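Notes for the one structure printed next.
The values are calculated or read from the model by the stated rules, or taken from the named source; none is laboratory data. Predicted model only: the values in this text are computed from it and were never measured. Using ideal geometry, Cβ is built from the backbone for each residue, glycine included, and neighbour counts are taken over all protein chains shown. Each accessible area value is taken on the protein alone, full model and side chains, heavy atoms only, with ligands, DNA and RNA left out. Shrake-Rupley method; radii C 1.70, N 1.55, O 1.52, S 1.80 Å.
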Amino acid sequence: MMTKEAKNSTTDRNPEELKQQIDALIRENKLLKQENDKLKRELDEHHNGSFKKRYAVKILDTLPDMLTVFDWNEKGIEIVSNESTNHVGVTNEQFKGTHMRDGIPDDAYQIIHKNAERVKETGKASTAFHELNVNGEQHYFENRIFPIDTDYMLIMCRDISERVAIQKRLQKMKKALDNVSDAVFCVDKTGKLTYANRQFRKDYALQDSCIGMNISNCEHLWTSKTLDKRIKDIKDNGGMLTYNSNYINKESAQTRFQQVTAFSMEENGEDSYWFFSRDITDVINSRENLRELNQLLNAILNNIPICLFVKDTGNDFRYIYWNKAFSDYSHIPASQAIGKNDFEVFNQRVDAEKFRRDDLKVLMTKEPLYLQETYVDNTGETHVVQTQKTLVNQNGKQPLLIGISWDVTDLKDVEQELVRARIKAEQADRLKSAFLANMSHEIRTPLNSIVGFSSLIANTDDKTERKHFAEIIQQNSDILLQLISDILDIAKIEAGTLEYVRQPMDLAELFKNIYEIHENRMKEGVKLILDIPDDKCVITEDKNRIAQVVTNFITNAAKFTFAGEVRMGYRHTPKGTDLFVKDTGIGIEPNKKDQVFERFVKLNSFAQGTGLGLPICKMIADKMGGEIFMESEVGKGSCFHILLPKREASENL
């Protein structure tokens with residue numbers, strides 16, 4: 001506070017003096033400020049100097065490196081780091097005054113010496129690397145030399161053995177990766193290549209100097225958008241991703257396929273992305289070839305007319321293959337059989353049990369099984385099949401059972417037919433032999449009658465006797481003529497030379513003519529009746545052969561009918577024209593009906609005839625495309641039919 005005297009003295013002064021006084025105060029204040037700043041700096045320096053002094057030793061003790069001070073003549077001054085960092089075998093006390101070459105091996109000394117000379121010449125810090133044996137183990141060190149002043153230098157020696165070991169392992173890994181067939185590369189998040197093995201460089205025709213280039217510059221590999229998507233996919237899949245891709249090989253100019261496994265890894269705080277690409281072109285091609293081969297094999301197996309199936313013996317004999325022929329044959333789709341066993345596939349349990357027994361037999365004996373079996377399919381149809389079952393071994397697994405079956409139902413039918421035909425042929429041969437043996441009798445009987453009565457007719461003058469003898473001669477002549485005619489017809493039919501001439505004919509007129517011929521030849525008490533429609537009936541057939549058949553029917557009917565009637569005629573039916581001859585004779589026993597149309601068969605050995613008439617009628621009916629059949633009841637008579645198919649009048653043979 002200003003005093004009263006100063007205040008009075010101030011008011012007494014003039015403005016000039018006051019201004020001078022103010023200027024003096026300003027200068028004084030400036031000087032005071034400068035002194036204050038200086039004092040503050042000194043205080044700061046004092047405080048800082050005190051921190052360094054207080055913590056310098058602790059800082060040095062916490063460093064993992066061995067810190068030594070040498071003069072430029074390479075004599076030890078002091079080890080300034082913690083005792084635990086000392087790895088040269090000389091205590092801190094012994095270190096002072098010891099020459100550098102006396103503390104370490106010569107090879108290490110030479111490296112450090114050259115590094116120190118380089119620092120001395122350049123005045124700048126320098127780094128070198130050397131090795132030392134510490135406690136029986138080889139260690140690697142990095143020595144950094146710093147110039148302190150013109151008298152001293154600081155050597156910082158750091159143990160880098162672990163880093164060197166990692167680098168060596170990394171080099172081994174890179175060397176190994178250079179010798180694998182997979183293409184391996186690594187990129188950072190920007191797409192810059194940080195590693196690329198030999199196979200990758202070869203595939204994309206890259207130089208060894210490609211490290212550092214952006215992956216998007218590798219032709220036909222990636223764009224920046226693709227990289228972003230790959231990185232996103234890797235992150236979305238928990239840091240690992242597997243996918244397939246293709247590329248054009250620069251060396252061969254061919255499209256190659258690859259399977260890529262990618263994963264992310266953190267390196268120095270940054271994410272890097274490794275890609276391992278395996279060439280699967282051959283696998284793809286092999287798979288494609290195998291697929292085509294399987295398609296071809298499947299097409300073949302599905303188009304052969306043989307049923308093929310495969311069962312897994314290690315899984316309750318369940319079906320693992322069932323071809324199309326088997327599906328068509330059994331009426332069971334493969335989709336309803338695959339994965340199931342026989343008990344689940346077939347409706348008839350007895351069939352499934354039979355199949356299982358056969359399968360177990362093959363599995364136990366290890367021998368193929370050949371058998372013929374009968375089974376009923378799901379539609380109720382019975383089949384006879386020839387089956388072969390055999391085992392196919394699998395490495396380390398239960399064997400597969402392969403079966404092939406082919407239908408022999410028709411063959412069995414043919415076989416039965418052949419057996420029946422053989423029996424029938426043998427029977428026919430016996431009958432033929434019997435027929436030929438009896439033929440002399442059949443021929444001699446009418447000939448003897450003709451010869452005998454011819455002699456008698458020449459030696460008698462009685463007109464009644466002559467007439468009677470003439471009738472006997474005529475009757476036996478007709479029998480002999482019919483016998484010879486039948487033999488000739490059967491021979492012609494067997495030789496295929498029997499003539500058929502189809503032409504329009506009036507069936508009604510033919511039946512009337514036949515009726516007139518046989519009307520007066522009936523036995524006494526037997527009447528021949530003509531039963532035909534009133535209208536005219538024109539058909540196209542062989543007139544003589546129809547007459548032969550109808551005449552044979554009438555002759556047989558007259559032969560075995562002793563009372564009643566023989567009715568002849570025809571009827572129009574939806575199937576064609578039915579020609580018939582019906583009698584009231586003795587009839588035919590049921591067990592002999594099947595033999596009626598067989599050759600050389602005589603149902604009545606005492607009746608005249610060769611037994612060839614009805615077989616000839618059957619052959620004629622077959623030739624005309626017709627059907628021959630009979631109806632009979634013992635004691636009531638028989639009815640023989642021939643059904644002629646419908647034909648237009650203009651049709652010719």
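Which residue pairs have Cβ atoms closer than 9 Å, lie 6 or more positions apart in sequence or on different chains, and pair a first residue in the range 452-479 that is of a type in the set (Phe, Trp, Tyr) with a second residue that is open to solvent by 60 Å² or more (accessible area, probe 1.4 Å) and assigned to a helix (DSSP H, G or I)?
Taking only residues 6 or more apart or on different chains, the pairs are 453/468; 469/456.
Can you confirm whether residue 401 is modelled with pLDDT of 70 or more and either open to solvent by 90 Å² or more (accessible area, probe 1.4 Å) or not in a loop (DSSP other than H, G, I, E, B) (or both)?
So residue 401 passes the test.
Looking at 586, 529, which one is assigned to a strand (DSSP E or B) and open to solvent by 30 Å² or more (accessible area, probe 1.4 Å)?
Of 586, 529, the one residue that is assigned to a strand (DSSP E or B) and open to solvent by 30 Å² or more (accessible area, probe 1.4 Å) is 529.
Among the residues of the range 533-570, count how many are under 17 Å from residue 585 (Cβ atoms), assigned to a loop (DSSP other than H, G, I, E, B), open to solvent by 20 Å² or more (accessible area, probe 1.4 Å) and not aromatic (Phe, Trp, Tyr).
Final tally of qualifying residues: 1.
With the requirement that a residue be of a type outside the set (Asp, Glu), within 23 Å of residue 203 (Cα to Cα) and assigned to a strand (DSSP E or B), what does the range 265-313 give you?
272, 273, 274, 275, 276, 277, 278
Of 208, 203, 233, which residue is open to solvent by less than 50 Å² (accessible area, probe 1.4 Å), of a type outside the set (A, V, I, L, M, F, W, C), out of contact with any Gly (no Cβ under 6 Å at 6 or more places or on another chain) and over 20 Å from residue 271 (Cα atoms)?
Criteria check complete, one pass: 203.
Which of the residues spanning the range 153-187 are open to solvent by 40 Å² or more (accessible area, probe 1.4 Å), closer than 29 Å to residue 279 by Cβ and either polar (S, T, N, Q) or in a strand (DSSP E or B) (or both)?
If the condition is that a residue be open to solvent by 40 Å² or more (accessible area, probe 1.4 Å), closer than 29 Å to residue 279 by Cβ and either polar (S, T, N, Q) or in a strand (DSSP E or B) (or both), then 171, 179, 181 are the ones that fit.
Considering each residue of the range 376-419, count those that are touching a His at 6+ places or on another chain (Cβ under 6 Å) and either farther than 23 Å from residue 330 by Cα or without any contact (Cβ under 8 Å) to a residue 40 or more places away in the chain (or both), and give that number.
So the count comes out to 1.
Would you check if residue 351 is surrounded by 11 or more Cβ atoms within 10 Å (Cβ to Cβ), on the phi > 0 side of the Ramachandran plot and either more than 22 Å from the chain's Cα centre (by Cα) or of a type outside the set (A, V, I, L, M, F, W, C) (or both)? Give the derivation first.
Working: surrounded by 11 or more Cβ atoms within 10 Å (Cβ to Cβ): yes; on the phi > 0 side of the Ramachandran plot: no; either more than 22 Å from the chain's Cα centre (by Cα) or of a type outside the set (A, V, I, L, M, F, W, C) (or both): yes.
For residue 351, the condition - surrounded by 11 or more Cβ atoms within 10 Å (Cβ to Cβ), on the phi > 0 side of the Ramachandran plot and either more than 22 Å from the chain's Cα centre (by Cα) or of a type outside the set (A, V, I, L, M, F, W, C) (or both) - is not met.
Residues 431, 418, 391: which one is modelled with pLDDT of 75 or more and surrounded by 14 or more Cβ atoms within 10 Å (Cβ to Cβ)?
Working: 431 fails: modelled with pLDDT of 75 or more; 418 fails: surrounded by 14 or more Cβ atoms within 10 Å (Cβ to Cβ).
Answer to the selection: 391.
All but one of (1) in a helix (DSSP H, G or I); (2) modelled with pLDDT of 80 or more; (3) among the small types (Gly, Ala, Ser) hold for residue 212; which doesn't?
Here residue 212 clears every test but (1).
Name every residue in the range 65-85 that is at pLDDT 80 or above, farther than 19 Å from residue 115 by Cα and open to solvent by 30 Å² or more (accessible area, probe 1.4 Å), in order of residue number.
Of everything in the range 65-85, those that are at pLDDT 80 or above, farther than 19 Å from residue 115 by Cα and open to solvent by 30 Å² or more (accessible area, probe 1.4 Å) turn out to be 78, 80.
Mind checking which pairs have a first residue in the range 202-217 that is in contact (Cβ under 8 Å) with a residue 12 or more places away in the chain and a second that is basic (Lys, Arg) and part of a loop (DSSP other than H, G, I, E, B), Cβ under 6 Å, 6 or more apart or different chains?
204/250; 205/250
Let's see how each residue does on (1) touching a residue at least 40 places away in the same chain (Cβ under 8 Å); (2) assigned to a loop (DSSP other than H, G, I, E, B):
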position	(1), (2)
58	no, no
61	no, no
68	yes, no
77	yes, no
89	no, yes
108	no, no
112	yes, no
115	no, no
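Given the options 524, 499, name the one that is part of a loop (DSSP other than H, G, I, E, B) and under 27 Å from residue 475 (Cα atoms).
Result of the check over 524, 499: 524.
Residue 119: open to solvent by less than 90 Å² (accessible area, probe 1.4 Å), assigned to a helix (DSSP H, G or I), modelled with pLDDT of 85 or more and over 24 Å from residue 168 (Cβ atoms), yes or no?
In short, yes.
Return the pairs, sorted by first residue and then second, in which the second residue is in a helix (DSSP H, G or I), the first residue lies in the range 320-339 and is β-branched (Val, Ile, Thr), the beta carbons are less than 8 Å apart, and the residues are 6+ apart or on different chains.
From the range 320-339, the pairs are 332/326; 332/345.
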